[in-house]
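The structure under discussion appears below in the form of structure tokens.
Any read-out appearing in this document is the output of simple, stated calculations on the displayed coordinates, not a laboratory observation. These numbers come from a predicted model, not from an experiment. Methodologically, a virtual Cβ is constructed for each residue, glycine included, from the backbone with ideal geometry; neighbour enumeration extends over all protein chains shown.
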Amino acid sequence: MKKYFILLLIICWTLQNARAQTKEEKKLEKQEKKLQKQKVGDEQYANMKALIDSKNYIFEANRATATGAGGISMATNPNKILVDQAEVDIDMPYFGVIRSGGGYNNESGIRYKGIPDKYEVSHVEKKRQIIVRIIFTNSTETHNVKLTIGKEGQTNVLIISSGRNNITYSGMVTTIAQKGFH
């Protein structure tokens with residue numbers, strides 16, 4: 001009986017030591033995964049920064065939300081904010097309220113093609129975000145477009161217009177080549 005008791009103590013002690021090693025190994029493994037994830041995130045962010053800085057990308061929305069309204073799927077509504085060097089080509093449907101101006105004319109959406117009044121890029125390193133601001137004036141309104149782009153291309157767009165309620169879009173930024181525009 002004494003023999004079994006000693007054997008049981010040895011087994012318990014061995015298992016306890018094995019468990020302690022497992023905890024340390026798990027901690028190290030967790031740290032390694034965190035570092036790997038951070039490295040991948042840094043690479044994704046660097047790639048997205050390079051894409052935006054190249055001024056050769058396109059945003060396509062999958063959802064729109066007008067002020068005071070619910071979300072609208074953009075699956076059947078063609079839309080884009082295309083940046084090609086100094087020029088932008090914006091064609092976004094609008095679902096909100098027009099406050100002033102000529103009312104509902106031929107331009108039901110927000111459209112512009114040309115060199116904007118202002119194009120500015122800033123980087124928020126801590127959040128791994130890129131902020132693009134585009135300001136342009138078409139025939140009746142001034143539009144302030146703000147793209148907030150995440151490291152993987154997920155993007156939120158806010159458009160503030162002088163004669164319309166604000167509207168936001170969510171979608172993805174990708175290369176123009178991926179969408180077949182060039």
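Sort Arg164, Arg99 so the one with the fewest other Cβ atoms within 10 Å of its own Cβ comes first. It would help to have the intermediate numbers written out before the result.
Values: Arg164 20, Arg99 10.
Ordered from fewest to most neighbouring Cβ atoms within 10 Å, Arg164, Arg99 come out as Arg99, Arg164.
Pair-distance distribution of the chain: all C-alpha pairs, bin width 5 Å, starting at 0; shares per bin in whole percent are 1, 7, 13, 15, 14, 10, 7, 5, 4, 3, 3, 3, 3, 3, 3, 2, 1, 1, 0, 0. Taking 27 Å as the straight-line reach from the Cα of Lys33, the lysines in range (excluding those fewer than 8 positions away in the same chain) are Lys23, Lys49, Lys126, Lys127, Lys151. Counting neighbouring Cβ atoms within 10 Å and putting the fewest first, the residues Leu158, Leu51, Leu35 line up as Leu35, Leu158, Leu51.
Which order do peptides 166-173, 85-92, 122-129 fall in by mean Cβ count within 10 Å, highest first? List each step's numbers first, then the result.
Numbers: 166-173: 19.4, 85-92: 16.1, 122-129: 12.4.
Output ranking for 166-173, 85-92, 122-129: 166-173, 85-92, 122-129.
Straight-line cross-link reach from Lys37 at under 15 Å between alpha-carbon atoms covers these aspartates and glutamates, not counting any fewer than eight positions away in the same chain: Glu29, Glu152. Straight-line cross-link reach from Lys80 at under 16 Å between alpha-carbon atoms covers these lysines, not counting any fewer than eight positions away in the same chain: Lys55, Lys113, Lys146, Lys179. Report, in degrees rounded to the nearest 10, the 0 to 90 angle that the Cα long axis of helix 2-53 makes with the longest principal axis of the chain. The two axes meet at around 20 degrees.
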